[in-house]
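See below for the structure under consideration.
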Amino acid sequence: MYNHTIFKPSILSVDLEFTNLCDTNCSICPRDSITREMGFIKSDTLATFIKLFKRYDPLVSVSGMGDPLLHPNFADFINLLKENGFKVGIVINIATILNRFNEVCEKITRGLPQQITISIPSIEDETLKAIYGNDINIRDIKDSIIKISEVCKGQSRFRISGIITALREN
């Protein structure tokens, strides 16, 4: 016989997409394959999300197919999630940090998540150039990560996420 009072469903992590828009134009991005409407999450959708998931106390990872920092209510939404007891993390592409450093710092300090994951597709300068089409290099990446960690003054945990990227030869 199953005892229902012992079992409590739990959700450890939930991905929440603030937007599927991005201005980075990475050559490896499947964005062109998205068939759903492009845009931003609305306040009422976030309110529904909070109501549905609050009782599970998950880590909310703000990530997805877009750049969460593009959402005009980024800081307000992060703060609303935190006020409702959620632990909040965001995933940011390293190109976003390099291309819009001051804006990224301003938005992150207004809506400070507890965890920041920085996505880096390669540590090889040649591969980075092929993906981003500019002169992003591993030294600039390292320097930017150090600077952004200083901006957050130890209030956010950092996680560096890398993927092995294989590019097709034309």
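Miscellaneous remarks
- Residue count, segment 122-148 (criterion: within 11 Å of LEU98 (Cβ to Cβ) and open to solvent by less than 80 Å² (accessible area, probe 1.4 Å)): 11
- Screening TYR56, TYR2 for residues that are over 19 Å from the mean Cα position of the chain (by Cα), over 22 Å from THR117 (Cβ atoms), of a type in the set (Phe, Trp, Tyr) and at pLDDT below 95 leaves exactly one candidate, TYR2.
- Helices (runs of 4 or more DSSP H) completely within segment 1-116 that count 2 or more residues being surrounded by fewer than 19 Cβ atoms within 10 Å (Cβ to Cβ) and in contact with a strand residue (DSSP E or B) (Cβ under 7 Å, 6 or more places away or on another chain): 43-53
- Figure legend. Inter-residue proximity from segment 136-153: first residues in a helix (DSSP H, G or I), second residues open to solvent by 60 Å² or more (accessible area, probe 1.4 Å) and among the hydrophobic types (A, V, I, L, M, F, W, C), beta-carbon distance below 6 Å, spacing 6+ or different chains. Indicated pairs: ILE138/ILE123; SER149/PHE158.
The values are calculated or read from the model by the stated rules, or taken from the named source; none is laboratory data. Remember, predicted model here, so these are calculated numbers, not experimental data. Here the Cβ is made from the backbone with ideal geometry for all residues, glycine too, and neighbour counts use every protein chain on show. Accessible surface areas use protein heavy atoms only, side chains included; no ligands, DNA or RNA. Shrake-Rupley method; radii C 1.70, N 1.55, O 1.52, S 1.80 Å.
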